[in-house]
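S.K.: Please find one structure pasted underneath; my questions will follow.
Here, each number is a calculation from the coordinates, and none is a lab measurement. Small disclaimer: the values here were computed from a predicted structure and weren't measured. Quick reminder, even Gly has a Cβ in these numbers, built from the backbone with ideal geometry, and neighbours come from all protein chains shown.
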Amino acid sequence: MNASATRTAPTVPLDELPADLGPDAAVLVLEDGRTSVGRAYGARGTTVGEIVFNTGMTGYQETLTDPSYHRQIVVMTAPHIGNTGVNDEDPESGRIWVSGYVVRDPARRYSSWRADRSLDEELAAQGVVGISDVDTRALTRHLRELGVMRAAIFSGEDLVRGGRVRPVADLVEEVRSAPAMEGAALAAEVSVTEAYTIEPLGEHAGQEPVATVVAVDLGIKSMTPYRMAERGMRVHVVPATTDIATIESLQPDGVFFSNGPGDPGAATTEVELLRAVLDRKIPYFGICYGNQIFGRALGYGTYKLAYGHRGINQPVMDRTTGKVEVTAHNHGFAVDAPLDGESTAPYDDGRYGRVRVSHIGLNDQVVEGLEALDLPAFSVQYHPEAAAGPHDAAYLFDRFLDLMNQSTTEQEA
């Protein structure tokens with residue numbers, strides 16, 4: 001038997017939580033009553049959120065700092081986490097965004113020449129409550145069968161009341177009182193409050209930009225504007241609350257909507273902003289949340305997936321080329337659009353013309369991309385910036401640049 005398996009505490013029934021858990025204990029409680037005892041990892045206390053699982057074998061630091069995980073407790077399906085520690089170069093934002101962290105076997109010591117500190121230390125320093133030594137494989141199977149749900153991690157003094165371990169029924173009630181992800185408008189909570197600009201990088205550094213892009217930050221990862229800047233673009237990253245007049249004042253060749261957290265059905269302001277962009281025929285590219293907002297702007301619906309796509313190993317087919325890409329995902333909602341052939345965008349009696357599903361998920365046939373055929377606009381549901389993840393989808397940034405160049409040529413003609 002693997003030595004690590006003996007350290008993994010079993011799931012216990014509601015009425016069998018031990019009376020004395022010890023000072024390092026932590027308890028994971030799901031809203032359906034499933035309760036697991038483990039060891040505190042990171043900060044001690046209480047955290048509540050939607051519990052989801054990530055299937056990536058690497059990239060835990062990028063996962064933790066992805067704003068799309070705001071208000072979510074993340075379960076890592078890879079058993080060993082923290083092996084390479086934490087450094088100051090790989091974060092995808094200025095802080096850890098996950099509400100809580102669930103791992104099976106945390107590294108006893110980290111080993112990497114790039115590491116500055118341990119993952120446990122980083123979680124504790126940023127106040128992120130976690131739990132280790134739980135059976136994450138069984139937990140993932142449970143979430144796959146029943147769907148993601150609300151959950152909480154309790155540790156330290158928050159596990160005790162009146163000198164006794166709190167009743168499980170009390171813990172479950174606290175979980176069930178937390179807000180659900182459906183209907184949550186969260187982009188403004190993770191967006192920057194002030195705009196900033198990334199100038200052309202690499203071989204394009206110091207040169208005039210080949211195009212100017214306004215990137216609306218709905219929870220953008222830091223690598224995304226850099227991928228565009230590496231191709232010679234000047235990227236103005238603006239807050240989620242930016243209006244169309246401000247965007248136009250920057251004279252963009254294209255507009256980009258980023259990934260982000262929350263329910264796209266609650267993104268009314270963002271949808272209206274995108275419609276203003278489409279009405280002006282400014283070339284548009286959206287990823288992840290930006291794909292869902294594009295779908296809604298066109299008049300299609302969105303729906304919540306049972307357990308979503310989160311990881312760096314999701315197969316997607318680009319219907320334009322027939323190529324299958326292995327891609328990085330982080331989404332719990334999807335666009336409801338016809339998979340076969342072309343359809344007329346439902347909004348305002350077909351105001352935006354014809355649309356087709358350009359990419360499709362091969363695991364479950366979920367819409368993974370949209371392309372407007374009568375407007376310069378397209379989107380994908382995944383992360384082409386590849387941080388972390390494979391670089392199969394990097395060509396999408398080139399496709400965006402081609403779209404902007406084509407639009408400029410047509411205007412000049």
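S.K.: Can you work out ³J(HN,Hα) from phi for every residue in the range 192-203, in order, using Karplus 6.51 cos²θ - 1.76 cosθ + 1.60 and θ = phi - 60°, giving whole Hz and x for Gly and Pro?
M.R.: Once rounded to whole Hz, the list reads 5, 9, 10, 5, 8, 10, 10, 7, x, 10, x, 5.
S.K.: Local charge sum around Ala211 (other residues, Cβ-Cβ under 12 Å, Lys/Arg +1, Asp/Glu -1)?
M.R.: Numbers: positive: Arg231, Arg234; negative: Glu208, Asp253, Asp398, Asp402.
Counting the neighbours of Ala211, the net charge comes to -2.
S.K.: Separate question: Using the alpha-carbon atoms, what tilt in degrees (0 to 90, nearest 10) does helix 289-298 show relative to the longest principal axis of the chain?
M.R.: Long axis of 289-298 versus the principal axis of the chain: about 50 degrees.
S.K.: In degrees between 0 and 90, to the nearest 10, how far off the longest principal axis of the chain does helix 136-146 point, with axes built from Cα atoms?
M.R.: 60 degrees
S.K.: Restricting to the range 3-176, what percent of DSSP beta bridges are antiparallel, rounded to 5?
M.R.: Percentage antiparallel, nearest 5: 65.
S.K.: If you count, for each residue, the other Cβ atoms within 10 Å and average over each peptide, how do 282-294, 353-365 line up from highest to lowest?
M.R.: 282-294, 353-365
S.K.: Between Ala266 and Ala180, how many nm apart are label points set 7 Å from Cα along the C-beta direction?
M.R.: In this crude label model, Ala266 to Ala180 measures out at 1.2 nm.
S.K.: With an 8 Å cut-off on Cα pairs and a minimum separation of 6 or more residues, tell me the relative contact order of the chain in percent.
M.R.: Working: 1012 pairs, mean separation 57.4, N = 413.
Relative contact order comes out at 14 percent.
S.K.: Counting helices only, and only those DSSP H runs with n ≥ 4, report the 222 nm mean residue ellipticity of the chain as the sum of -39,500 (n - 2.57) divided by its residues, in deg cm²/dmol to the nearest 500.
M.R.: The helix-only estimate for the chain comes to -6000 deg cm²/dmol at 222 nm.
S.K.: For Tyr101, enumerate residues with amide H under 5 Å from its amide H, sequence gap 5+ or separate chain, H modeled in the peptide plane.
M.R.: Val74, Gly130, Ile131
S.K.: What are the radius of gyration and Dmax of the chain, computed over its Cα atoms and given in Å?
M.R.: Rg and Dmax of the chain, Cα atoms, are 22.2, 78 Å.
S.K.: Continuing with the same structure: Please arrange Met57, Met149, Met228, Met181 by how many other C-beta atoms lie within 10 Å of their C-beta, fewest to most.
M.R.: Taking fewest neighbouring Cβ atoms as first place, the list is Met57, Met149, Met181, Met228.
S.K.: If you line up the long axis of helix 395-412 against the longest principal axis of the chain, both from Cα atoms, how many degrees apart are they, to the nearest 10?
M.R.: 30 degrees
S.K.: Let me ask another. Take Lys221, Lys281, Lys323, Lys304 and order them by how many other Cβ atoms sit within 10 Å, fewest up front.
M.R.: In increasing order of surrounding Cβ atoms, one gets Lys323, Lys281, Lys304, Lys221.
S.K.: With all distinct Cα pairs included, what does the Kirkwood hydrodynamic radius of the range 187-412 come out to in Å, to one decimal, could you say?
M.R.: Over the range 187-412, the inverse of the mean reciprocal pair distance is 17.2 Å.
S.K.: Between Leu305 and Thr58, what is the spin-label point distance in nm, taking each point 7 Å from the Cα along the Cα→C-beta axis?
M.R.: Label-label distance for Leu305 and Thr58, simple model: 2.3 nm.
S.K.: Read phi for every residue in the range 204-218 and hand back ³J(HN,Hα) as whole Hz from Karplus 6.51 cos²θ - 1.76 cosθ + 1.60, θ = phi - 60°, with x for Gly and Pro.
M.R.: Couplings: 9, 4, x, 9, 5, x, 7, 6, 10, 10, 9, 9, 7, 7, 9 Hz.
S.K.: Using amide H atoms built in the peptide plane, which far-off residues or other-chain residues are under 5 Å from Val148 H to H?
M.R.: Tyr307
S.K.: Another question, if that's okay. What FRET efficiency do you get for Glu412 and Asp32 if R0 is 51 Å and r is their Cβ-Cβ distance, rounded to the nearest 0.05?
M.R.: Working: r = 60 Å, r/R0 = 1.17.
After rounding, the FRET efficiency stands at 0.30.
S.K.: Sort out for me the Cα centre separation of the range 269-290 from the range 331-401, rounded to whole Å.
M.R.: 13 Å
S.K.: Putting +1 on Lys and Arg Cβ atoms and -1 on Asp and Glu Cβ atoms, find which of Pro390, Leu17, Leu375 reaches farthest to the positive end of the dipole of the chain.
M.R.: Leu17
S.K.: Follow-up question, since we're still on this one. So what's the convex hull volume per residue for the Cα atoms of the range 3-176, in Å³?
M.R.: 108 Å³
S.K.: May I ask for the net charge around Glu31, where only other residues with Cβ less than 11 Å from the Cβ of Glu31 are counted and Lys, Arg are +1 while Asp, Glu are -1?
M.R.: In short, -1.
S.K.: Using the Cα centre as the reference, give the magnitude of the dipole from point charges on the C-beta atoms of the chain (Lys, Arg: +1; Asp, Glu: -1; all else neutral), rounded to the nearest 20 debye. Could you put the intermediate results ahead of the total?
M.R.: Working: 35 positive and 58 negative charges, 198 e Å.
Here the chain has a charge dipole of around 960 debye.
S.K.: Taking the highest mean first, how do the peptides 398-406, 199-207 order by number of other beta carbon atoms within 10 angstrom per residue?
M.R.: Averaged packing, sorted descending, gives the order 398-406, 199-207.
S.K.: Within 10 Å of each residue's Cβ, count the other Cβ atoms and sort Leu17, Leu339, Leu139 from fewest upward.
M.R.: Working: Leu17 19, Leu339 12, Leu139 22.
The most exposed by this proxy come first: Leu339, Leu17, Leu139.
S.K.: Could you give each residue of the range 150-162 its phi-based ³J(HN,Hα) in whole Hz, using Karplus coefficients 6.51, -1.76, 1.60 with θ = phi - 60°, and x for Gly or Pro?
M.R.: 6, 7, 8, 10, 10, 7, x, 5, 5, 8, 10, 9, x
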